[in-house]
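Please read the structure below before turning to the comments.
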Amino acid sequence: MTEIFIEASKKIYNSSVEQWTKDGKPVVGYTCSHLPAEVLHAAGVLPLRLRGMEVSGLEIGDSYFGPFICTMPRCLLQMAGTGKFDFLEGAIVTPGCDSMRRLDECWRKAGKDMEGTLPSFFAYFDVPHKETDYAHDWFKKEVLSLAGLLKKHFVTEDIIGKLPASIELYNHSRKLIKELQQFRKKNDCRITGYDALAVSVASTSMPREVFNSELEKLLSKLKNAAPVKEKGKPRLLVTGSATDDIQIIGLMEDSGALVAAEKICFGHFKTIGTIEGNSLESVAAAYLDGTECPRMFGKYEERRDSILALIEESDIDGVILQNIRFCDLHGSDNGLLEADLRKKGIPSLRIEREYGPLVERERLKMRIDAFIESIRGNLS
Amino acid sequence: MRPETKAYNFDWMLWRTLDLACNAMTGTEKELKIVMRHIPYFKDILDVFLAYGEPGKIFLKLVYEYMDNIMTAHEKGKKICGTTFCFSPAILYAMDTVPVTLELVTVLINSLWKRGIGEFSDFCYEAGLTETSCSSQRGALGAYLAGLGETFDFIVADTPGVCDTNANAFAFASAYLNKPAFALTFPDRLTGDDVDNYHQKDYRRMIDFLEEQTGNRLDTDRLREVLQEIKKQDEILAELEELQRAVPSPLPVTYNFFIYAGRFFFAGKPLLTELLLSMRDIAVTNMQEERCGLPSGKENTRALFCYIDHYTTNLALWSWLEERGITHMGNILSRFWADNTPYNQNRSNAYNIDSTNLDTMIDSLAAQNSRMPMVKSIRGPYDAPGMWLEDTLSLAQMYRADCIIYSGTPGCRNTWGMVKLLARDTEEAGFPTHIMYSDSFDERVESWEATSARLDEFFAVRGLL
């Protein structure tokens with residue numbers, strides 16, 4: 001029942017994207033959840049969150065980036081250099097963090113070295129690190145400027161005029177994803193964490209119309225689905241660095257847990273609810289205010305409280321705090337969270353990993369197994 | 001952390017050591033020789049200061065006063081602000097607040113602590129900060145997180161988007177120590193009315209924060225006093241920069257360190273002016289006598305450091321350069337982009353000090369702060385106008401550098417994301433470029449012996465010596 005989402009979460013050029021390109025429509029990749037996808041959609045472009053799970057080496061990524069850099073942008077560059085992003089007509093890089101922002105220069109340089117590596121539309125999209133009035137003004141200008149670039153390159157119709165319909169479509173999408181969370185409740189859980197994350201990842205990897213339609217079908221099936229087996233399985237929450245690898249969740253569930261919630265960039269991360277208003281300004285405001293990412297420095301307490309609320313709401317037995325190596329932002333947040341969770345008596349496991357195909361499977365499995373074993377005895 | 005390390009506050013020990021070092025400088029030659037016998041581990045570092053005569057003495061006094069200000073702040077009723085070298089302390093001095101600049105204190109620990117920053121740095125990891133974070137903050141921060149120093153009253157940083165790892169260390173400290181914090185932020189571009197507008201609004205918001213935290217209103221006369229002193233300092237710095245262009249360079253290699261460390265410690269304070277004047281007098285004399293600033297008097301080659309220097313083991317980099325006849329053409333830390341400096345000719349990205357009224361002064365400070373080291377050059381794409389590549393190449397050409405050297409820390413995500421590209425471009429422009437893989441603040445990553453061997457190899461292989 002979730003095959004289409006699983007395919008979209010595992011394969012960047014999945015069947016729905018393939019169909020989109022066959023219809024002669026452009027795809028633009030982006031790197032960060034601060035990018036207002038509605039604007040791209042209104043420009044007639046498919047916004048596709050870039051992922052790097054399909055690499056089998058890092059020789060290209062390592063040639064441009066230094067060694068002390070998160071593996072995620074290195075995997076993305078490897079994907080670009082090996083032709084796996086050839087279907088993209090454009091890419092937008094955002095300063096989500098210092099590692100990711102330098103994908104801009106590294107990709108451009110690789111584009112000079114290897115013809116065809118760089119998409120014809122390539123933009124850098126600045127996002128402020130605070131939410132003051134003047135930061136909002138700056139961000140609105142950036143969004144407006146991006147709309148202008150898209151309009152010029154893709155010779156699209158009126159983006160502003162099309163925006164209300166795109167906002168409505170994405171609002172509906174967020175509503176559906178929220179509904180999906182209702183099927184993850186204790187003692188009546190109808191969907192595994194593996195499948196739920198696949199849906200979330202797919203939301204950034206499929207044409208939104210197709211995604212909404214498929215998710216509606218899934219929700220309808222879940223209403224009558226049998227609950228997944230929960231007895232004796234600790235309910236986990238996963239948080240930390242960007243995770244689009246459903247295999248990691250699979251690993252946790254294969255070890256005898258049920259992943260009942262996520263607070264990650266590709267999961268139940270965004271706090272953007274329904275965007276009120278139809279304007280570009282309202283989209284910009286929602287995206288600047290509405291994400292819970294440690295790149296917005298000085299908001300640890302808000303993030304912690306939001307995670308604690310999710311733990312309460314989802315009847316969580318233990319928390320996996322994971323970060324990609326060299327992701328100091330999530331890694332340090334995890335350090336603070338570990339201490340705060342300990343104070344509240346909530347078990348947690350802090351792990352550091354690499355991004356990319358699950359090369360560290362056995363090491364992670366050993367630690368996750370031990371963690372699950374340690375909390376299983378406390379289950380009611 | 002070992003119990004004995006926790007036995008005394010680390011900043012108290014630094015303070016007392018510096019006091020003794022200052023006293024040693026005023027003793028007779030015989031007394032000094034005896035002192036040297038008793039400090040086998042630190043005699044090299046004291047030697048460095050002694051070797052430079054008056055500037056060395058003033059610099060040591062300046063560092064002592066910096067620590068003295070910290071240690072006596074609370075008893076004098078002043079607030080202590082934890083901050084970064086990317087932030088100009090001028091506004092803090094204007095508001096009678098005492099800065100603790102983590103990176104400077106980290107260098108002090110490395111200079112005065114036999115074991116270096118190791119134990120303090122590792123405590124950060126115990127507290128929850130990643131061990132991949134930048135060692136420049138972790139060194140001193142570990143001690144403060146462990147409660148081994150004077151307590152911060154609040155924190156001001158300015159590196160989100162400039163260096164997220166730096167910004168993250170301060171955000172972590174704020175959450176861990178439960179202290180209020182303010183972070184100045186910057187658009188990814190440097191110039192333009194909209195950019196200036198952003199800088200000015202954010203800076204004013206920071207002043208509101210400072211007023212709230214200190215309980216003091218920003219005093220116009222005091223601010224003017226500080227700015228006028230900065231203007232004087234900028235003029236002397238411009239002279240020193242001009243002198244540095246000469247071949248051979250009349251500036252001793254440590255002057256570069258004195259310039260930026262002095263500015264980070266004491267921007268706007270008269271003692272820094274005194275230091276700069278003493279340096280200028282010596283450099284002018286050297287220039288008049290057509291003498292190189294190196295002790296050997298012979299300049300073999302000229303190296304531009306495109307990022308930072310190396311601060312472990314008795315600050316050995318400088319004596320290593322001296323021994324080989326390599327003059328130091330500055331680094332990203334030593335350029336502040338005042339409008340009168342030689343490297344700002346025909347450039348639109350400088351700041352100037354206008355002390356006409358409170359508004360112009362605040363705008364001047366906002367402009368100055370937005371051009372602080374790193375804040376100016378690595379906030380945007382490395383190859384954008386006024387950014388790292390353009391700055392590095394124009395400085396290398398202007399100062400007739402024979403090579404370019406990158407020294408940083410593994411914690412520096414931002415430069416490690418682009419240094420290979422920069423090195424390719426600088427090599428293409430004709431400058432042999434060496435990337436150091438060591439940690440500028442933590443010798444456990446790579447020993448100085450290994451680092452210097454690689455440097456020797458670079459200079460030999462590229463035929464620079």
Share of accessible surface on carbon and sulfur in the range B:228-270, whole %, 1.4 Å probe and ligands ignored, is 53
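What do you reckon, how do B:TRP12, B:TRP113 stack up by accessible area (1.4 Å probe), largest on top? The partial results should precede the final answer.
Numbers: B:TRP12 120, B:TRP113 55 Å².
Descending order: B:TRP12, B:TRP113.
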Note: B:TYR8 to B:SER447 extended length (0.36 nm per residue) minus current alpha-carbon separation gives 155.2 nm
Rounded to 0.05, the calculated FRET efficiency for the beta carbons of A:ARG342 and B:ASP359 at R₀ = 35 Å is 0.10
Hits in the range A:297-327: amide N under 17 Å from the 7 Å Cα→Cβ extension of A:ASP188, namely A:313-316
Ranking B:GLY325, B:LEU393, B:MET206 by how far each Cα lies towards the positive end of the charge dipole of chain B (+1 on Lys and Arg Cβ, -1 on Asp and Glu Cβ), the top one is B:GLY325
Taking the alpha-carbon centre of each part, the distance from the range B:5-43 to the range B:45-73 in Å is 11
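Give, rounded to the nearest 20 debye, the magnitude of the charge dipole that the range B:260-360 has about its Cα centre when Lys and Arg contribute +1 at Cβ and Asp and Glu contribute -1 at Cβ.
Working: 9 positive and 11 negative charges, 41 e Å.
Result for the range B:260-360 is approximately 200 debye, rounded to the nearest 20.
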Checked chain B with the C-alpha gyration tensor, a ≥ b ≥ c its square-rooted eigenvalues, rounded below a/c of 1.5, otherwise prolate if a/b is larger than b/c and oblate if not; verdict rounded
For B:LYS6, counting only lysines whose alpha-carbon sits under 20 Å away and dropping same-chain residues fewer than eight positions off, the answer is B:LYS114
In terms of the charge dipole of the range B:5-91, which places +1 on Lys and Arg and -1 on Asp and Glu at the beta carbon, the residue among B:THR84, B:THR72, B:LEU50 farthest towards the positive end is B:THR72
Log entry, pair A-B: total buried accessible area, probe 1.4 Å, protein chains only, in Å² rounded to 100, is 3900
The percentage of the accessible area of the range A:150-297 (probe 1.4 Å, all protein chains present) made up of carbon and sulfur atoms, to the nearest whole number, is 51
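Treating the beta-carbon of each Lys and Arg as +1 and of each Asp and Glu as -1, no other charges, what is the dipole magnitude of the protein assembly as shown about its Cα centre, to the nearest 20 debye? It would help to have the intermediate numbers written out before the result.
Numbers: 96 positive and 120 negative charges, 330 e Å.
Charge dipole, the protein assembly as shown, about its Cα centre: 1580 debye, nearest 20.
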Using alpha carbon centers only, the range A:15-54 is separated from the range B:200-233 by a whole-angstrom value of 47
Simple spin-label estimate for B:THR28/A:GLU230, 7 Å along Cα→Cβ, in nm, reads 8.7
Of all stretches in chain A that avoid trypsin sites (Lys or Arg not before Pro) placed in a DSSP loop and having at most 11 other Cβ atoms within 10 Å, the longest is A:1-228
Accessible-area loss of at least 30 Å² (1.4 Å probe, chain alone to full protein assembly) applies in the range B:406-426 to B:PRO410, B:ARG413, B:ASN414, B:TRP416, B:GLY417, B:LYS420, B:LEU421, B:ARG424
Most fluctuating of A:ALA198, A:ALA225, A:ALA147 in the GNM of chain A (C-alpha, under 10 Å) is A:ALA225
In nanometres, the difference between 0.36 nm per residue of separation and the alpha-carbon distance of A:GLU179 and A:ASP62 is 38.0 nm
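Let me know the mean shielding of B:299-308 by other chains, meaning the per-residue number of their Cβ atoms within 10 Å of its Cβ.
On the way: counts 0, 0, 0, 0, 0, 0, 0, 0, 0, 0.
For this peptide, the per-residue mean of nearby foreign Cβ atoms is 0.
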The answer for the range A:37-159, accessible area per residue at 1.4 Å probe in Å², is 32
The lysines whose Cα lies under 16 Å from the Cα of B:LYS232, excluding any fewer than 8 residues away in the same chain, are B:LYS269
Computed about the Cα centre, the charge dipole of the range B:275-325 from +1 Lys/Arg and -1 Asp/Glu charges at the Cβ has a magnitude in debye, to the nearest 20, of 80
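As a check on your grasp of the helix formula, calculate [θ] at 222 nm for the protein assembly as shown: sum -39500 (n - 2.57) over DSSP H runs of n ≥ 4, divide by the residue count, round to the nearest 500. Provide the component values of the computation, followed by the final result.
Numbers: 36 runs with 440 residues, N = 845.
Roughly -16000 deg cm²/dmol at 222 nm, from the helical runs in the protein assembly as shown.
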If unit charges are put on Cβ atoms (+1 for Lys and Arg, -1 for Asp and Glu) and the dipole of the protein assembly as shown is taken about its Cα centre, the option from A:CYS189, A:SER63, A:GLY331 lying farthest towards the positive end turns out to be A:CYS189
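The values are calculated or read from the model by the stated rules, or taken from the named source; none is laboratory data. Since the structure is predicted, the reported quantities are computational estimates derived from the model, not experimental observations. Ideal geometry is used to build each Cβ from the backbone, glycine not excepted, and the neighbour counts take in all protein chains shown. For the accessible areas, the whole protein counts, side chains as well, though only heavy atoms, and no ligand, DNA or RNA atoms are used. Shrake-Rupley method; radii C 1.70, N 1.55, O 1.52, S 1.80 Å.
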